[in-house]
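The next block holds one structure in the form of structure tokens; read it before the comments.
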Amino acid sequence: MAILSEYEEENHKKPSSSRTSSKPFTAAFDPSNPLGFLEKVFEFVAKESDLFKSDSLVTDVNAVVRMVKDKVEAEEKKRKEVKTEGTSKAEKKIKEAPPPPQVRKEELKKEEVKEERESESKVEEESNGRRAHMMFVYLYTVVREDTDANIDMACAEDSGFSLSSFADLFLNTMSLASPPNKGNGLDMDNYSWGQSLQEVNITVPVPPGTKSRFIAVEIKKNHIKVGLKGQPPVLEGELFQPIKVDDCFWSLEDQKSISILLTKQNQMEWWKYLVKGEPEIDTQKVEPENSKLSDLDPETRSTVEKMMFDQRQKQMGRPTSDEMQKQDILKKFMSEHPEMDFSRAKIN
């Protein structure tokens, strides 16, 4: 609230007035209505003086308003300059301030790396402990329940394998994959699949009486999609490996199931899964039909027999054919160079 208690007219053109003594003026100033306050001022001036009788009233008032406005703007500009100057000095001071010592940053970084390594080491130790426990549980189960299992550690050591190396080999080859079904594949909720080295067979049940025109099958090099038209696909995803699209086909069996045959591009490897995202099978437990080996050419048959032998060796914790060959070469080299000391040699 502002109180105007005294009014003096300081205009250089003083209007004639018979009253020369000052008059008191009191009014309340409302910031939300400044023009109302000015209106009261002008009414008081008009009542107590001859200012409004002057012909130059409007010009004189405009001049006063302009003068006050210029004064206010000048003061505002001056405040901004002072503020800008202070900000510039502060920024300059910050720039000139010496950087924090680099040694401290390096120490903090070393501590972070050390803590991270300790954490990773702890996690790895816990993981190795779980894996070791699982390994010996599995070994116990095999020795107790599988009468055909023949885990001969003495034989393994005679072949150059120690107990620790056997454990490492077992941990590396052991997996939590599902055992394959009779077709060397897997039975899923809405479909099943099996395989040979050359082909993959898929069976997808459909409602009895389904017509072939209602079936939607899409086979691509790396992708498959199977289902009924107008419904979500029963099977869809990226295949484990590429296939030969021109050698693939499908058929409707007894209006009860869709039978699909996929021809593998790589016919020397077992598939671990059909489409990406489904459970994997343990390919070491795949059992190819021996009766079909006679149908293969000699080179392919030799490769398949080698794969089967290596799988049996891995299951028993024994060296594969390639590992045995390397050991024979090493033994031969050692016998030909008796002058060399191999007692401290580490053989992988």
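FYI, it's all coordinate maths here, none of it is from the lab. Worth saying up front: this structure is predicted, and the values here are computed from it rather than measured. Note that we place each Cβ from the backbone using ideal geometry, even for glycine, and neighbour counts take in every protein chain shown.
Cross-link check: pairs Lys285/Lys331; Lys182/Lys314; Lys23/Lys53; Lys220/Lys272; Lys272/Lys326; Lys264/Lys285 evaluated at a Cα-Cα cut-off of 23 Å; pairs beyond the cut-off: Lys285/Lys331; Lys272/Lys326.
Quick one: length gained pulling Asp187 to Glu339 fully straight, 0.36 nm per residue minus the C-alpha distance?
Working: separation 152, 0.36 × 152 = 54.72 nm, distance 5.93 nm.
Going from the current span to full extension adds 48.8 nm.
For trypsin sites (Lys or Arg not before Pro), the sites in the stretch 183-290 that DSSP calls loop and that have at most 15 other Cβ atoms within 10 Å are Lys211, Lys220, Lys221, Lys229, Lys244, Lys256, Lys276. When the label point is put 7 Å from the Cα of Glu39 along its Cα-to-beta-carbon vector, which residues of the stretch 50-74 have a backbone N closer than 17 Å? From the stretch 50-74, the list is empty. For Asp254 and Lys80, the difference between the fully extended length at 0.36 nm per residue and the C-alpha to C-alpha distance is 53.6 nm. Rounded to the nearest 20, the size of the Cβ-charge dipole of the stretch 180-281 about its Cα centre is 260 debye, with Lys and Arg at +1 and Asp and Glu at -1. Fully extending the segment from Thr26 to Lys53, taken as 0.36 nm per residue of separation minus the present Cα-Cα distance, adds 7.4 nm. Shown is the FRET efficiency for Lys220 and Met324, computed with R0 = 41 Å from the Cβ-Cβ distance and rounded to the nearest 0.05: 0.50. Taking the charge dipole of the stretch 185-321 about its Cα centre, with +1 at Lys and Arg Cβ atoms and -1 at Asp and Glu Cβ atoms, the residue from Ser192, Gly227, Pro242 reaching farthest to the positive side is Gly227. Taking the number of Cβ atoms within 10 Å of each Cβ as an exposure proxy, the fewest-first ranking of Ser32, Ser54, Ser49, Ser335 is Ser32, Ser335, Ser54, Ser49.
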